[in-house]
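Chemist: So that we are looking at the same thing, I have put the structure below in structure tokens.
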Amino acid sequence: MKRRPLVAGNWKMNGTIQEARQLVEGILRASRKLAEVEIVLFPPFTALAEVRDRIQGSPLLLGAQNMHWEEKGAYTGEVSGGMLKELGCRYVIIGHSERRALFGETDESVQKKISAVFRTGLSPILCVGETLQQREANQTWKVIERQLEIGLDKAKAADSMNRLVIAYEPVWAIGTGRNATPAQAQEVHALIRSWLDKRFGKTEADSIRIQYGGSVKPDNAAELMSQADVDGALVGGASLDTTSFTAIAEAAALQRKGASCSTD
Ligand code: PEP
């Protein structure tokens, strides 16, 4: 049985409050017909309250793109899980490759953040993925295994692991227009699921969703999400266009419908 797909829109540092309002309106209209998919919007911090107000009473959920591991204190410029929860967030993206590459995020800081997300009662989307150089040196799995091992070192079954989401995001595919092929994505997703099985047991591994991210567009979404272990998409660029983002969510809904018909 396929897991309920999760389609997430990572707006990155885009969207004034006015732009956020417009984006949400279009997505809201489409989302009411997409019950098969969980759709989560990740606006910048400054638009969280606006988006929360707009999606109230709808199936859309809210998430944040990052958080600090401490609850409060002298951490200028940072935001805590409790603050995000108070704002209505349900998900937090942790360890996005842009944060790793541009802001010095490490597997160790990712680990602290993952623990804090669980502690706060939020759901983490842990991003993992290799660079092109690492893929070409046949180090893809070695890199991802290390990111999982350190990132999830402190996670335990008691954390309700079904709240965990993993996003496989090959760095070479992010924002480049060059997506992983469905077969490349499935290969890594299957390895991640078998790692989760060894680490947390089969029941948890079967329930944890593994999203693919990296140049997902309406024309490649269906094929990527038709793969057995691809449970939705983390979408960057295309999430800033209502038509594209809703088409991706619709593709996920169709996959889900198809999968449940074939298991009926
Ligand atoms: C991302 O930033 O997580 C991402 C997948 O971006 P894009 O869809 O633009 O490649």
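Chemist: So what is the relative contact order of region 6-263, in percent, for Cα pairs below 8 Å that sit 6 or more residues apart?
Modeler: Computed value for region 6-263: 20 percent relative contact order.
Chemist: For the pair L132 and K154, how long in nm is the line joining their label points, each one 7 Å along Cα→Cβ?
Modeler: Reported label-point gap for L132 and K154 is 3.6 nm.
Chemist: How would region 70-215 be classified by its alpha-carbon gyration tensor: rounded, prolate or oblate, with rounded meaning a/c under 1.5 and the a/b versus b/c comparison settling the rest?
Modeler: Taking the square roots of the gyration eigenvalues as a ≥ b ≥ c, region 70-215 is oblate.
Chemist: So, with a 1.4 angstrom probe, what is the percent of accessible area on the chain that is carbon and sulfur?
Modeler: Reported share for carbon and sulfur atoms: 51 percent.
Chemist: Which residues in region 9-35 place their backbone N less than 20 Å from a point set 7 Å from the Cα of D53 along the Cα-to-Cβ direction?
Modeler: 14-29
Chemist: Does the chain come out rounded, prolate or oblate by the C-alpha gyration tensor, with a ≥ b ≥ c the root eigenvalues, rounded set by a/c under 1.5 and, if not, prolate when a/b is larger than b/c and oblate if not?
Modeler: Verdict is rounded for the chain.
Chemist: Report the label-to-label distance for S194 and A228 in nanometres (one decimal), using points 7 Å from each Cα along the Cα→Cβ vector.
Modeler: Distance between label points: 1.1 nm.
Chemist: Given a Förster distance of 25 Å, report the FRET efficiency between R32 and S207 from their Cβ-Cβ distance, rounded to the nearest 0.05. Could the numbers behind the result be given before it?
Modeler: Numbers: r = 26 Å, r/R0 = 1.04.
Calculated value: 0.45.
Chemist: Could you grab the relative contact order for region 48-95? Cα pairs under 8 Å, six or more apart, rounded to a whole percent.
Modeler: So the answer I get is 45 percent.
Chemist: For a quick check of your reading of the filter: which trypsin sites (Lys or Arg not before Pro) in region 18-93 sit in a DSSP loop and have no more than 16 other Cβ atoms within 10 Å?
Modeler: Counting only loop positions with at most 16 other Cβ atoms within 10 Å, the trypsin sites (Lys or Arg not before Pro) in region 18-93 are R32, K33, K72, R90.
Chemist: What accessible area per residue, rounded to a whole number of Å², is obtained for the chain using a probe radius of 1.4 Å?
Modeler: 45
Chemist: Nearest 500 deg cm²/dmol is fine: what mean residue ellipticity at 222 nm does the chain get from its DSSP H runs of n ≥ 4 alone, each adding -39,500 (n - 2.57), divided by its residue count? Walk me through the intermediate numbers first.
Modeler: Working: 11 runs with 121 residues, N = 264.
Roughly -14000 deg cm²/dmol at 222 nm, from the helical runs in the chain.
The values are calculated or read from the model by the stated rules, or taken from the named source; none is laboratory data. None of the values given here were measured: they were computed from a predicted structure. Quick reminder, even Gly has a Cβ in these numbers, built from the backbone with ideal geometry, and neighbours come from all protein chains shown. The protein model used for the area step is the full one, side chains on, heavy atoms only, and it has no ligands, DNA or RNA in it. Shrake-Rupley method; radii C 1.70, N 1.55, O 1.52, S 1.80 Å.
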